[in-house]
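The values are calculated or read from the model by the stated rules, or taken from the named source; none is laboratory data. If you're wondering where the values come from, they're calculated on a predicted model, not measured in any experiment. Because the Cβ atoms are built from the backbone with ideal geometry, glycine has one as well, and the counts that use them run over all protein chains shown. These area figures cover heavy atoms from the full protein model, side chains too; ligands, DNA and RNA do not enter into them. Shrake-Rupley method; radii C 1.70, N 1.55, O 1.52, S 1.80 Å.
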Amino acid sequence: MLFRSPDFDVPDAVKTAAIDAIRDGFNRYTPTQGTAELIGAVRELMRRTRNWNPDGVLITSGVSGGILLALNALVNPGDEVLIGDPYFVMYKHIASLLGGVPVLVDTYPDFRLTAERIESVLTSKSKVLLLNSPCNPTGVVSSADELKDIADLARKHGLVVISDEIYENFCYDGAFTSVVRFLEGALLLGGFSKSHGMTGWRLGYACGDRDIIAEMTKLQ
């Protein structure tokens, strides 16, 4: 299954709310981290869908913007960024742009990202694991057992897990499981582009460790 942009429009209620806001003069800069109302709504979303109260929340320019901020905050030159292969095209290039070393984790032929496959490429320079479930482009959804094993591996080796969960609503064979169920220290990235047809709105969020979110906020 290859993911692509949604083929449906933004819901009418959302369009109306946006038009009303523009007409009411809501057109100036917002706080860097996002409005308190939206941050509160994201926190409630995390509580309702994941039973999780993250330390920090930042509104980002889509998930791609969140990835750029997160890697900028975390990666120093020479740090290795682990990426399951196949992967979303931007992962590798953002890591390289920031002086990091992208390390591809071979998931062929079944496209499952497992702790064993990750551990096989670990070195003393491994810093960040980019996790994408459901995965773009393969459509594979990581199981709860796989995520638990990955979380245990991350704790053991001090890896920072960045979980790109933009496709969380596109699970058709069972309930979605987030890695934060097993690893509260993970950095979760999500947004509304795919689920609400809002790709052009560039509206995403980052949730997780307070210190990482603070550095991302400075960069933003």
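Please count how many residues of region 129-145 are more than 14 Å from residue 186 (Cα to Cα) and part of a loop (DSSP other than H, G, I, E, B).
10
Here is a list: 152, 211. Which entry is open to solvent by 10 Å² or more (accessible area, probe 1.4 Å) and farther than 24 Å from residue 69 by Cα?
The match here is 152.
So, in region 164-178, exactly how many residues are out of contact with any Gly (no Cβ under 7 Å at 6 or more places or on another chain), crowded, with 20+ Cβ neighbours inside 10 Å and among the acidic types (Asp, Glu)?
Here the count works out to 1.
Please work out which residue is most open to solvent (accessible area, probe 1.4 Å), limiting yourself to region 123-149 and to residues that are of a type in the set (A, V, I, L, M, F, W, C) and either more than 16 Å from residue 104 (Cβ to Cβ) or in contact (Cβ under 8 Å) with a residue 40 or more places away in the chain (or both).
By that ranking, first place goes to 141.
Can you tell me which residue within region 6-16, out of those that are outside any helix (DSSP H, G or I) and charged (D, E, K, R), is surrounded by the most Cβ atoms within 10 Å (Cβ to Cβ)?
The residue in question is 9.
From the list 48, 28, 43, exactly one residue is part of a helix (DSSP H, G or I) and out of contact with any strand residue (DSSP E or B) (no Cβ under 9 Å at 6 or more places or on another chain). Which is it?
48
Against the conditions (1) β-branched (Val, Ile, Thr); (2) touching an Asp or Glu at 6+ places or on another chain (Cβ under 9 Å); (3) open to solvent by 70 Å² or more (accessible area, probe 1.4 Å), where does residue 19 fall short? Just the number, please.
(2)
Could you check, for region 28-48, whether at least one of its residues is over 20 Å from residue 190 (Cα atoms) and out of contact with any helix residue (DSSP H, G or I) (no Cβ under 7 Å at 6 or more places or on another chain)?
Yes, some residue in region 28-48 is over 20 Å from residue 190 (Cα atoms) and out of contact with any helix residue (DSSP H, G or I) (no Cβ under 7 Å at 6 or more places or on another chain).
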